[in-house]
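Shown next, in structure tokens, is the structure this report addresses.
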């Protein structure tokens, strides 16, 4: 019994480096595609969010700015990876989209909303921590010329993210305003 316990402890220590280097789904696709032709990648770190907050101190009475500052304080990163294609590369684009979508397992990520408009398809997924707070929001988007994946990490308030996305003008994120509209209809 004691020998078995010692083996388990040794195995746990040997596995520790592997677990510590486990990559998130967005990191895996970033590593694979970010430097390839046809791809545009954006990585905004927590430090840049903090710099944006310092620049946007502005009017202390502006409640929208205060909400955005509060949300930005709780963000860790924003990563966007987009593949632009023409009709000759549509099969590759579909394959890339399917790879992006498969990276986010339904066991860990819950679908928040899907928007289908013509040839455009947008899916919003969320990952929650043990207490039910959203710690990652993912947007998967495909249309007739682009395939994108966006990952926003931190402590996330969806209504504030909607306001922030309007100001950042990120293609596909305009769908978040529909979440707010949907909530007000209830």
Can residue 180 be described as in a helix (DSSP H, G or I), surrounded by 13 or more Cβ atoms within 10 Å (Cβ to Cβ) and modelled with pLDDT under 60? yes
With (1) surrounded by 13 or more Cβ atoms within 10 Å (Cβ to Cβ); (2) out of contact with any helix residue (DSSP H, G or I) (no Cβ under 7 Å at 6 or more places or on another chain); (3) modelled with pLDDT of 90 or more as the list, and residue 88 as the residue in question, which single condition is left unmet? (1)
If you check residue 147 against the conditions, is it over 26 Å from residue 67 (Cβ atoms), in contact (Cβ under 8 Å) with a residue 12 or more places away in the chain and either part of a strand (DSSP E or B) or under 13 Å from the mean Cα position of the chain (by Cα) (or both)? yes
Scan segment 31-58 for residues that are at pLDDT 90 or above and assigned to a helix (DSSP H, G or I) and jot them down. 31, 32, 33
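The values are calculated or read from the model by the stated rules, or taken from the named source; none is laboratory data. Keep in mind the model is a prediction, meaning the values are calculated, not measured. Ideal geometry is used to build each Cβ from the backbone, glycine not excepted, and the neighbour counts take in all protein chains shown.
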